[in-house]
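S.K.: Take this structure first; my questions come after.
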Amino acid sequence: MFQIDLVAHLPVGTILEDHPTVFFNVTFKHNSPSSIYNNLTERNFESYLSNDADGLLSEVGPKAQAFLVSNVAKSNGEVDWPDLRFAWEETQVDSSNGITVTRMGMVLGRPSSSGSLKLDTDAYLRGERRNFKLCLIDYNLLGNNSDQLRLIDGMFEFNYCEAN
C-alpha cells in the first residue's frame with residue numbers, strides 16, 4: 001500500500017452547487033395548419049438518415065433567453081448582476097391542429113444554497129462497489145430561503161410580462 005503524506009485537509013465535496021430551474025409549458029394556437037418552427041421535411045429526414053442519423057433533423061428556430069435581476073438581488077444592491085435566466089428551452093409542434101407548445105424555464109443563476117457529496121471510503125476498502133452504497137449526494141436545492149424567493153420573483157416577473 002502506498003503511503004502519501006497529507007499536505008492539506010480540504011473540504012472536498014462540501015460546496016456542491018446546481019442551478020435550480022422551474023419549467024413550464026406555454027401553448028400557442030395559430031391559424032395555419034403548419035408552423036414556422038416545423039421544418040421536418042421529407043428531404044431533411046432523408047438527409048438525416050443518410051448521415052447515420054447525425055446532423056439537423058428539424059429545428060425550432062432561435063431559442064431566446066433573458067437575464068433578469070430579481071427584487072431580492074436589487075434589495076441587496078446587486079442591480080447590475082443578474083441572478084435569474086429566463087430560457088426558451090424547446091418547442092413541440094402539432095401541425096395537424098395548429099398548436100405549438102413551448103417549454104420555458106426560470107433558472108436561478110447564482111444560488112446561495114449548496115449541497116454535499118460524501119464518499120464512504122471504508123465501504124470501498126471493504127470491497128463495496130455499488131455506487132448507491134458508496135456515495136451520498138445531498139443537492140440541498142433551495143435550502144436557502146433567498147433562493148426560493150428569487151425563483152418565485154422570477155416567475156411573477158414572467159407572469160407580469162405574459163399578461164401585458
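S.K.: What FRET efficiency would be calculated for the residue pair Thr27, Phe67, taking the C-beta separation as r and a Förster radius of 25 Å, to the nearest 0.05?
M.R.: E(calc), rounded to 0.05, equals 0.50.
S.K.: Hey, rough spin-label estimate for Ala123 and Val101, points 7 angstrom out along Cα→Cβ, what's it come to in nanometres?
M.R.: 3.8
S.K.: Quick check on the exposure proxy: order Asp5, Asp83, Asp153 from fewest to most C-beta atoms within 10 angstrom.
M.R.: In increasing order of surrounding Cβ atoms, one gets Asp5, Asp153, Asp83.
Coordinate-derived values only; no laboratory data. Note that the structure is predicted; figures quoted are calculated from it, not measured. A quick note on method: Cβ atoms are made from the backbone with ideal geometry, for glycine too, and the neighbour counts reach across all protein chains shown.
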